[in-house]
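The values are calculated or read from the model by the stated rules, or taken from the named source; none is laboratory data. Predicted model only: the values in this text are computed from it and were never measured. Using ideal geometry, Cβ is built from the backbone for each residue, glycine included, and neighbour counts are taken over all protein chains shown.
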Amino acid sequence: MKRYRFPKGMRPSKLDERKKFYEEEFELYKVEKWFSQRSVGNVRSLDNTVFAVIIGRHSDIYLPEYEGIKNKAVIIDEHRGLEDIRDYILQYLPEGVYYDRNIYEDIKTCEKCGKGYIDCWECEGFLGQELAFDIDPENVRCPYHGDIKEKMRKGQGLSFCMIEFKIVRKLTLKLHDLLKSEFSDIKIVFSGRGFHIHIFDKKAIKMSRDERVEIAKQYSDYAIDEWVTNGEMRLIRLPFSLNGLVSRICLPIDVNDVIEFDPRKQAIPSFLL
Ligand SMILES: [Zn+2]
Ligand SMILES: [Zn+2]
């Protein structure tokens, strides 16, 4: 198994822990509420949302029958809502659960378009994409662990320490402050390692590819993964799901609580308590 270094108490979740979490602790009504924020017009966003799971790419912990697909993003586009999604999750017991930030009027159109949801920007019924910023600790330079290149060279690209986390926490708040002047419907989510900023303003959802490339460049100093903001990477971790690499709950947090947020003490699933 690959070895990553994380702040104290954080470690990959085992299969039985993933199972316990999704059976007992995964709060579907909160997920439902999350999706109600990104409605465009009369479209029921959740029904037309594509989900995905990654089974064991980074943790190397997976059910043996899924060995052949353990590194892939397994797309879930045929579902009748969150109960179905939970059934899929319990079937695969993945290390991570994601959703597609693309918003479709009817995903059935794009099930058949042949573009595999990747290049659907011109498709009929494509309504836009939630704008997001992924602020990750591996993107900041650490006096002990070096920069991203050094971490990648050691095969430790997903490792992080509290020095890096604290830098990322500050950057998240600074970025949020800047975005506030442009947008009003902004949410911050603890991702398990860093933070995500989601923007639900209609004008953000309607942004073109070119505008996204611009805004990603504009904020590139904030330790963001540019390919998330520019729209190339459309999957993002599902809030309230388990980040199985570090055993933390992916959790929306109030902007006022960000500065004190400590991943060693918060967002802990009950199997670690
Ligand atoms: Zn399409
Ligand atoms: Zn470090």
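Numbers for the structure displayed
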read-out	value
Enumerated strands (runs of 3 or more DSSP E) restricted to the stretch 81-178, each holding at least 1 residues that are more than 16 Å from ligand 2 (Cβ to nearest atom), β-branched (Val, Ile, Thr) and at pLDDT below 95	102-104
Residue in the stretch 53-64 that is over 23 Å from residue 242 (Cβ atoms), exposed (fewer than 13 other Cβ atoms within 10 Å of the Cβ) and more than 16 Å from ligand 1 (Cβ to nearest atom) present	no
Breaking point among (1) at negative phi; (2) at pLDDT below 95; (3) more than 16 Å from ligand 2 (Cβ to nearest atom), for residue 229	(2)
Test: residue in the stretch 51-68 that is farther than 30 Å from residue 183 by Cβ, touching a Pro at 6+ places or on another chain (Cβ under 9 Å) and within 16 Å of ligand 2 (Cβ to nearest atom)	no
Residue within the stretch 6-27 that is closer than 30 Å to residue 126 by Cα and not hydroxyl-bearing (Ser, Thr, Tyr) present	yes
Any hit, the stretch 196-205, residues being in contact with a His (Cβ under 8 Å, 6 or more places away or on another chain) and at negative phi	yes
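Results for (1) within 16 Å of ligand 1 (Cβ to nearest atom); (2) touching a residue at least 60 places away in the same chain (Cβ under 8 Å); (3) closer than 28 Å to residue 224 by Cα; (4) surrounded by 14 or more Cβ atoms within 10 Å (Cβ to Cβ), shown as yes or no for each residue.
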site: 74; (1), (2), (3), (4): no, no, yes, yes
site: 127; (1), (2), (3), (4): yes, yes, yes, yes
site: 131; (1), (2), (3), (4): no, yes, yes, yes
site: 135; (1), (2), (3), (4): no, yes, yes, yes
site: 154; (1), (2), (3), (4): no, no, yes, no
site: 157; (1), (2), (3), (4): no, no, yes, yes
site: 171; (1), (2), (3), (4): no, no, yes, yes
